[in-house]
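Following: one structure in structure tokens, then a few remarks.
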Amino acid sequence: MTVIALDAMGGDFIPRAPVEAAVRAVRELSCQVILVGDAQVLEPELQRHSHDPEKIHIHHTAEHLSGEESPAEGLRRKKQASVRVAFDLVKIGQAQAALGAGHSGGLMIAGKMALGTLPGIDRPAIASHLPHSRGTTILLDSGANVDCKPHYLINFAVMGAIYAQLMLNNPSPRVALLSNGREAGKGNDLTRQVYRLLEQSALTFAGNLEPRDLFKGKAEVIVCDGFVGNLVLKTAEAAGTEVRLLLRDTMTRSPLARLGRLLLRRFFLDLARRTDHREIGGSLLLGLRGVGIVCHGSSSPRAIANGIRLAVQCVEQGLVEEIDRGFRKFSTLKSASA
């Protein structure tokens, strides 16, 4: 049974959201959850729920990172911060994955400090799912690395392609570079350098992709630095939420509109499922020597529970081992073609 270490002190709705998420997850999935955090805060909340004590228990630590702290400085001062302890549990084998809804930078740094990165990978990247009419596109990096060197983005592209092969069941995923124009010379110095490197790689490179084509399914993997990726992700989430609110408002303005909403109820449920970030729940930190999941800071219990679902899926499918194996193979192919 997969064991998930959940930083129960991270996010906007602690302790309610992480505790309720753990209760939901163990009911629906073959997993156990370790709630990492202050037992005096978590225990009363956990006792509000009917739960199996064999599947959920609390690992006490009094320290945690606040949203106002610098993650790097905070983790240096707080050796027993809940997010660090969650990843430490993975390191020592008491858990197979760590997850949290706190500061994404804190999760990335804690994961790297505790687990390190796979051979040949300099920086972990957050891989997020973007829905489109024919399925899903993987966007990375969506927030872990604001300032990037060209070879970081090549690492992201390779990891994203391996992730897409496994999670999207696509043997030859197309990799695109997010830029402000389709032509090879578009973009800033970073994107122009990365474009040339991707052209020379063994990946299936689809060229530059403009933001207006993000949701058209023109590539299975879209690569960018973490600053741009985080802006894209937050804009997409906000746009999806506003579209759903506008539709709901429009479809309740008159008796005829309400009747139309009733007739189209199945359509609206499907639209919500495909555009609501809570349905995926979290984004994977690719490149670590273990499974790490980053959830949105405002995640609901359902969103965190879905993040736990993603963590279990990644562990069961051996994603870290596949990334390691695929990255080594890519390095060999690149060397052979040089």
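Throughout, read-outs are computed from the coordinates displayed, never taken from laboratory work. Note that the structure is a prediction, hence the values are computed from the model and not measured. Positions of Cβ are generated from backbone atoms using ideal geometry, with glycine treated the same way; all protein chains shown enter the neighbour counts.
In whole angstrom, and with the biggest value first, how far do the Cα coordinates of the range 15-55 range along each principal axis?
Principal-axis extents of the Cα atoms in the range 15-55, largest first: 27, 18, 17 Å.
At q = 0.17, 0.21, 0.26, 0.27 Å⁻¹, what is the base-10 log of I(q)/I(0) for the range 103-174 according to the Debye formula with one equal point scatterer per Cα and no solvent? Please give it to two decimals.
Values, matching the q order: -0.68, -0.97, -1.26, -1.30.
Do the sum for the chain: with -39,500 (n - 2.57) for every DSSP H run of n ≥ 4, divided by all residues, what is the mean residue ellipticity at 222 nm, to the nearest 500 deg cm²/dmol?
-15000 deg cm²/dmol
Give or take rounding to whole Å, what are the principal axis extents of the alpha carbon atoms in the range 58-152, in descending order?
Computed over the range 58-152, the largest-to-smallest principal extents equal 45, 31, 30 Å.
Mind listing P(r) for the range 189-254? All alpha-carbon pairs, 5 Å bins, whole percents.
For the range 189-254, the binned pair fractions read 3, 13, 19, 20, 15, 9, 8, 6, 4, 3, 1, 0 percent.
Using the Cα centre of the chain as origin and beta-carbon charges of +1 (Lys, Arg) and -1 (Asp, Glu), tell me which of LEU284, LEU118, SER201 is placed farthest towards the positive end of the dipole.
Value computed over the given set: SER201.
Calculate, axis by axis, the spread of Cα positions in the range 1-85 along the three principal axes, and write the results as whole Å, longest axis first.
Here the Cα extents, ordered largest to smallest, are 37, 25, 18 Å.
Please identify the helices of the chain, taking whole runs of DSSP H, that span at least 30 Å along their own axis as judged from the Cα atoms and have a mean Kyte-Doolittle score of -0.5 or higher.
What comes out of the filter, once short or polar helices are dropped, is 226-250.
Can you check how the C-alpha radius of gyration of the range 132-231 compares to 2.2 N^0.38 Å, as a plain ratio?
0.96
Under unit Cβ charges (Lys, Arg +1; Asp, Glu -1), what dipole magnitude, rounded to 20 debye, does the chain have relative to its Cα centre?
Numbers: 41 positive and 34 negative charges, 190 e Å.
Value, rounded to 20: 920 debye.
Could you work out how far apart the two model spin labels at HIS60 and ARG325 are, taking each label as a point 7 Å from the Cα in the direction of the beta carbon, and quote it in nm?
The modelled label-to-label distance comes out at 4.3 nm.
Go ahead and run the numbers for FRET between SER70 and ARG302, Cβ-Cβ distance against an R0 of 30 Å, rounding to 0.05.
So, using R0 = 30 Å, E works out to roughly 0.50.
Extension gain HIS151-GLU28, at 0.36 nm per residue separation less the Cα-Cα distance, in nm?
So the extension gain works out to 40.2 nm.
Can you give me the Rg/Rh ratio for the chain, using Cα atoms for both radii and the Kirkwood formula for Rh?
On the way: Rg = 20.5 Å, Rh = 20.7 Å.
Rg/Rh: 0.99.
Compare the Cα positions of VAL90, HIS59, VAL221 along the charge dipole of the chain (+1 at Cβ of Lys, Arg; -1 at Cβ of Asp, Glu; about the Cα centre) and return the one farthest towards the positive end.
Working it through, the farthest residue towards the positive pole turns out to be VAL221.
Taking the simple approach of a point 7 Å from Cα along Cα-to-Cβ for both GLN47 and LYS91, what is their distance in nm?
3.3 nm
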